Amino acid sequence: MRDMSRGFQPVYTPAPRAGLPGWLLALIGIGVVSLVVVIAIILFSGGQTPTPSPSPTSAAATSLPASQPPSSAAPTVGPSASADQSAPPGQTTSPSVEPSGPGQTIDPELAAQIDAVTQQIPPIRQLQPTTDVPYEFISREQFREDLIELNDEDVPLDVRLAEERLLKRIGLLDEDADLEALILELYGAQVAAFYRPDNGRFYIIERDAPFGPVDRIITAHEYTHALQDQHFDLEGTRIADPAEGDRALAQLAAIEGDATLTSQLWMGDNLTTQEILEIVSESLSGLDEDALAGMPLVLRRQLEFPYSDGFLFVFSIHRLGGFEAVDETLRTPPASTEQILHPEKYLAGEAPVAVTLDDVSAALGDGWSRTLEQTMGELGIQILATGGEEPPIAIPGLPVEWPHAEVAAGWGGDRMNMYEHSDGRWAIAWLSKWDTADDAAEFSTRVGELTATFGGASRVIYPWTGDFDLNEYIGVFIGSDQSVVEAVAGAI
């Protein structure tokens with residue numbers, strides 16, 4: 001599944017990308033800030049959290065490559081959170097205050113608040129800055145303009161349109177939905193700040209409120225991204241292949257989970273109980289939650305996943321091995337969203353099975369071409385399996401039991417191809433591998449129930465009649481008509 005937070009990081013969705021440029025690391029809206037604040041209050045006060053059982057391997061177990069980091073903005077020189085490289089470890093100098101735009105300066109008192117946070121993060125995260133980290137404020141209008149420009153540059157239009165068609169055909173997007181507009185609306189409204197690995201600078205989006213506890217947490221989060229980048233090269237190691245969305249989203253979850261954990265540790269050391277309650281109260285005012293509630297589930301879930309589930313993943317890793325183990329998740333990122341949802345699988349080195357689907361365009365005949373390929377992953381299948389159902393109770397900040405999530409839990413690997421003909425016919429071929437025959441049978445039953453939500457004719461083949469352990473593979477075929485479905489199933 002493509003991570004919908006591509007670049008600034010967000011953005012791919014189950015199968016498609018649905019989103020933004022692949023390099024924008026963003027802390028999104030106040031709703032998500034408070035979401036992780038509430039989780040942190042529960043965890044740090046001795047509450048329960050899903051944690052992996054001890055494994056024979058170290059807390060920083062070996063896994064497969066990573067995902068993609070993100071960012072986006074427009075340059076105007078602002079004050080910098082600069083590190084004095086001659087200073088002893090853990091000490092930084094205060095940055096000078098520079099213009100943030102033509103004829104503008106940042107209030108020295110405001111700059112002092114930001115600088116205080118950036119000086120407190122290195123000893124918490126146990127990473128010392130190697131160079132200055134400039135920062136600046138930009139308007140939300142400027143951010144939206146930059147977002148559009150970066151999205152256009154990062155992902156070709158034909159790929160973005162193909163992703164929209166795929167989401168509609170597998171039942172995750174309404175037929176009349178405009179995916180591009182939805183993504184820009186969602187991220188344009190929810191992003192509060194972001195870091196750009198290409199220039200080593202973080203940006204805070206101006207809002208109509210005094211600079212307060214939320215903004216200081218945002219600063220802590222984004223400065224952590226700068227430290228990650230200086231030590232682990234976020235841009236150089238990101239997964240940029242649009243066909244590897246699930247792996248990219250998993251890498252993003254490790255990156256964002258780390259920054260979220262660090263900002264929450266900072267919060268515990270530096271904010272009063274009253275200030276923490278202020279953050280939660282600000283979120284529960286409903287503004288951001290209302291905006292999220294109007295979004296398709298696939299976009300909303302992918303927006304929140306790197307921060308909520310990524311935070312729980314990193315919290316588990318940190319509890320077992322400290323930040324040394326967290327560092328390893330950046331060097332050797334989780335290979336799938338399955339490893340984020342089940343940290344014990346990351347620790348055990350349980351990598352996804354490589355499922356391959358040949359390009360059968362030629363076998364389908366003249367005029368056919370493969371226009372998209374993707375891996376859904378456990379998160380993508382989890383979203384699909386809901387059938388649009390919402391959790392019975394969804395309290396901001398608390399882990400959610402998604403309807404039918406158990407159906408996706410036995411995922412072992414998958415691959416999906418979309419084929420299109422010049423005359424408008426289309427077909428989707430999807431092959432998935434499951435941990436056990438029981439897992440495969442469970443998914444086969446659920447996907448059979450979901451065929452009514454697909455945008456065309458369909459056929460589910462189980463057990464799969466290929467050269468495999470037949471009981472653990474399922475073939476799902478969807479097409480513009482039944483003859484196309486049978487043709488692509490026969491070709492595969």
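The values are calculated or read from the model by the stated rules, or taken from the named source; none is laboratory data. These numbers come from a predicted model, not from an experiment. Reconstructed Cβ throughout: ideal geometry from the backbone, glycine too, with neighbour counts over all protein chains shown.
Odds and ends about this structure:
- Taking first residues from the range 342-369 that are among the aromatic types (Phe, Trp, Tyr) and partners that are not in a helix (DSSP H, G or I), the Cβ contacts under 6 Å between residues at least 6 apart in sequence or on separate chains come to TYR346/SER63; TYR346/PRO334; TRP368/TYR419; TRP368/HIS421.
- Some residue of the range 339-356 being buried (at least 16 other Cβ atoms within 10 Å of the Cβ), closer than 18 Å to VAL298 by Cα and either over 19 Å from the mean Cα position of the chain (by Cα) or not assigned by TED's automatic domain parsing to the domain that holds TRP434 (or both): yes
One line per residue, one yes/no per condition, for (1) within 23 Å of HIS404 (Cα to Cα); (2) at pLDDT 95 or above; (3) in a helix (DSSP H, G or I):
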position: SER458; (1), (2), (3): yes, yes, no
position: ASP467; (1), (2), (3): no, no, no
position: VAL485; (1), (2), (3): no, yes, yes
position: VAL488; (1), (2), (3): no, yes, yes
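- The criterion of at least 3 residues that are of a type in the set (A, V, I, L, M) and modelled with pLDDT under 90 is met by the following helices (runs of 4 or more DSSP H) wholly inside the range 123-210: 140-154, 179-190.
- Just one of the numbered conditions (1) among the polar types (S, T, N, Q); (2) crowded, with 18+ Cβ neighbours inside 10 Å; (3) at pLDDT below 80 is not true of GLN91: (2).
- Restricting attention to the range 234-266, the residues being part of a helix (DSSP H, G or I), within 13 Å of the chain's Cα centre (by Cα) and either modelled with pLDDT under 90 or closer than 18 Å to ASN151 by Cα (or both) number 4.
- Residue tally, condition hydroxyl-bearing (Ser, Thr, Tyr), touching a strand residue (DSSP E or B) at 6+ places or on another chain (Cβ under 9 Å) and at pLDDT below 95, over the range 304-340: 1
- Conditions (1) buried (at least 21 other Cβ atoms within 10 Å of the Cβ); (2) over 19 Å from GLU378 (Cα atoms); (3) modelled with pLDDT of 90 or more: number failed by ASP288: (3)
- Index of the failed condition, LEU147 passing every other in (1) touching a residue at least 12 places away in the same chain (Cβ under 8 Å); (2) over 30 Å from GLY455 (Cβ atoms); (3) hydrophobic (A, V, I, L, M, F, W, C): (2)
- Meets criteria (charged (D, E, K, R), within 17 Å of the chain's Cα centre (by Cα) and part of a helix (DSSP H, G or I)) for ARG319: no
- ILE217 vs. criteria more than 19 Å from the chain's Cα centre (by Cα), of a type in the set (A, V, I, L, M), at pLDDT 90 or above and over 24 Å from PHE323 (Cβ atoms): no
- Members of the range 358-385 that are at pLDDT 95 or above, out of contact with any His (no Cβ under 6 Å at 6 or more places or on another chain) and part of a loop (DSSP other than H, G, I, E, B): ASP359, VAL360, GLY365, ASP366, THR375, MET376
- Unmet criterion (only one of (1) surrounded by 17 or more Cβ atoms within 10 Å (Cβ to Cβ); (2) closer than 16 Å to GLY365 by Cβ) for GLY490: (1)
- Flag set for ASP414, criterion: at pLDDT 95 or above, within 26 Å of the chain's Cα centre (by Cα) and among the charged types (D, E, K, R).
- Residue check, THR224 assigned by TED's automatic domain parsing to the domain that holds THR337, surrounded by fewer than 24 Cβ atoms within 10 Å (Cβ to Cβ), among the β-branched types (Val, Ile, Thr) and at pLDDT 90 or above: no
- Subset of the range 130-150 that is aliphatic (A, V, I, L, M) and in contact with a strand residue (DSSP E or B) (Cβ under 7 Å, 6 or more places away or on another chain) - its residue that is farthest from PRO197 (Cα to Cα): ILE138
- Selected residue [in contact (Cβ under 8 Å) with a residue 60 or more places away in the chain and closer than 23 Å to ARG370 by Cβ] from ARG196, ARG207, ARG160: ARG160
- Selection over the range 122-151 of residues that are surrounded by fewer than 17 Cβ atoms within 10 Å (Cβ to Cβ) and out of contact with any Lys or Arg (no Cβ under 9 Å at 6 or more places or on another chain) gives a count of 9.
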